[in-house]
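Chemist: Before anything else, here's the structure in question.
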Amino acid sequence: MQQPQDTELPKCLLRFGGRSLLERHLQLLRGAGVEEVVLALGFSHQQVEAELDSLRWQPRPEIVLNPGFELGSVLTVHTVAAAMTRGGDVLLMDADVLYHERIMAALAAGHRPVNRMLMDREFEAGDEPVKLCVRDGVAIELRKQVARDLRYDTIGESVGFFRFDEVGARRLAGIVADYVNDGRAHLPHEEAIRDLLRESSQIFEVVDVTGTPWIEIDFPADVERAAREVLPQL
C-alpha cells in the first residue's frame with residue numbers, strides 16, 4: 001500500500017487523539033476478545049516494533065516480516081499464511097483505518113464460525129474504493145472496478161476488514177499461494193478474496209455498517225479528514 005506522501009512513518013503509527021492507529025487496533029481487538037495478533041510488517045518495521053516496546057503490549061503481537069512489501073498486498077497476506085491456518089476464525093484487517101468500535105463489533109460478533117464482510121453504502125464514487133456488490137442477500141463482487149452489466153441490489157465500499165472461518169482461511173491461504181507461485185504477487189489481496197467469493201465454496205455474511213464512522217488513510221488529505229471528521233465521533 002502507498003505511504004502518505006508527507007510522512008516517513010508506517011501508516012499504522014499515525015497518531016490521532018494521542019494514540020497511534022496500531023494502539024487503537026490493539027485496544028479494539030482486546031475489547032472484542034482477540035488476544036492472538038499477528039502483524040505483517042515491511043516498511044520501516046523497526047519503528048513499529050519500537051511502538052510495541054513503548055506500549056508494553058502483552059501478549060506481544062507476533063511479527064512476520066515481508067521483505068517484498070513494495071509489491072502487492074497478496075504477498076503480505078502470504079507471509080502470514082501459517083498463522084491463518086492454525087485453526088479457528090481469522091480477522092484479516094488493513095492497518096491504515098481509523099474506525100469506531102462498532103466496526104470491530106460488527107466484524108467480531110458471535111462465537112460460531114463465519115465468513116464475514118463489512119459494507120458501507122455511503123461512499124464516494126471513483127476507482128479508489130473497493131466495491132462490494134450484493135444480489136438477493138449474497139455477495140457477488142469485490143473489486144474497485146465493477147462490470148457495467150453486473151446485476152446487483154446493493155453496492156457499497158468494503159471497509160477492508162474480513163473475517164474467515166477455519167475452512168475459509170485455509171482456502172484463502174491456498175489461493176494466495178497460487179497467486180505468488182504464478183507471478184501475481186503484485187496484486188492486491190482483495191483479488192484473492194474475490195476469487196474465494198466467486199468460487200462459491202464458502203458462504204459470506206455481509207454486514208451493513210453504513211453510518212458508522214471510519215476512514216481508510218491513503219493520502220495526506222485522508223489524514224486531515226480523519227482528524228477533522230472521524231476522530232470527533234469516536
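Chemist: Please tell me if D222 is surrounded by 12 or more Cβ atoms within 10 Å (Cβ to Cβ), in contact with a helix residue (DSSP H, G or I) (Cβ under 6 Å, 6 or more places away or on another chain) and in a helix (DSSP H, G or I).
Modeler: Considered against the rule, which asks whether it is surrounded by 12 or more Cβ atoms within 10 Å (Cβ to Cβ), in contact with a helix residue (DSSP H, G or I) (Cβ under 6 Å, 6 or more places away or on another chain) and in a helix (DSSP H, G or I), D222 comes out as no.
Chemist: Same structure again: Just one of the numbered conditions (1) over 22 Å from G88 (Cα atoms); (2) free of Cβ contacts under 8 Å to residues at least 12 places away in the same chain is not true of T154; which one?
Modeler: Answer for T154: the failing condition is (2).
Chemist: Now for a separate question. Could you list, in sequence order, the residues of the range 67-83 that are among the hydroxyl-bearing types (S, T, Y) and without any contact (Cβ under 8 Å) to a residue 40 or more places away in the chain?
Modeler: T79
Chemist: Something else now. Can you spot a residue in the range 62-73 that is open to solvent by less than 60 Å² (accessible area, probe 1.4 Å), touching a strand residue (DSSP E or B) at 6+ places or on another chain (Cβ under 6 Å) and within 20 Å of L187 (Cα to Cα)?
Modeler: yes
Chemist: Same structure again: Would you be able to say whether some residue in the range 171-188 is open to solvent by 40 Å² or more (accessible area, probe 1.4 Å), closer than 15 Å to F123 by Cα, among the acidic types (D, E) and at pLDDT 95 or above?
Modeler: no
Chemist: Now for a different question. What number of residues within the range 189-204 satisfy the criterion of being exposed (fewer than 15 other Cβ atoms within 10 Å of the Cβ), of a type in the set (D, E, K, R) and in contact (Cβ under 8 Å) with a residue 12 or more places away in the chain?
Modeler: Total satisfying the criteria: 1.
Chemist: Ok, one more. Do we find that Q47 is open to solvent by 60 Å² or more (accessible area, probe 1.4 Å), outside any loop (DSSP other than H, G, I, E, B) and either of a type outside the set (A, V, I, L, M) or touching a Gly at 6+ places or on another chain (Cβ under 6 Å) (or both) in this structure?
Modeler: Criteria met by Q47.
Chemist: If you go through the range 96-129, how many residues are touching a Pro at 6+ places or on another chain (Cβ under 8 Å), part of a loop (DSSP other than H, G, I, E, B) and open to solvent by less than 50 Å² (accessible area, probe 1.4 Å)?
Modeler: Of the residues in that region, 1 qualify.
Chemist: Taking Y152 and the conditions (1) open to solvent by less than 20 Å² (accessible area, probe 1.4 Å); (2) at negative phi, which numbered condition does it fall short on, given that it satisfies the others?
Modeler: In the conditions (1) open to solvent by less than 20 Å² (accessible area, probe 1.4 Å); (2) at negative phi, Y152 misses (1) alone.
Chemist: Quick one: A147 ticks every box in (1) outside any loop (DSSP other than H, G, I, E, B); (2) without any contact (Cβ under 8 Å) to a residue 60 or more places away in the chain except a single one, so which number is it?
Modeler: (1)
Chemist: Another question about this same structure. I'm trying to understand the selection: among the residues of the range 130-144, which are exposed (fewer than 14 other Cβ atoms within 10 Å of the Cβ) and touching a residue at least 40 places away in the same chain (Cβ under 8 Å)?
Modeler: Of everything in the range 130-144, just one residue is exposed (fewer than 14 other Cβ atoms within 10 Å of the Cβ) and touching a residue at least 40 places away in the same chain (Cβ under 8 Å), namely G137.
The values are calculated or read from the model by the stated rules, or taken from the named source; none is laboratory data. Treat the numbers as computed from the prediction; the structure is a model and nothing was measured. Reconstructed Cβ throughout: ideal geometry from the backbone, glycine too, with neighbour counts over all protein chains shown. Each accessible area value is taken on the protein alone, full model and side chains, heavy atoms only, with ligands, DNA and RNA left out. Shrake-Rupley method; radii C 1.70, N 1.55, O 1.52, S 1.80 Å.
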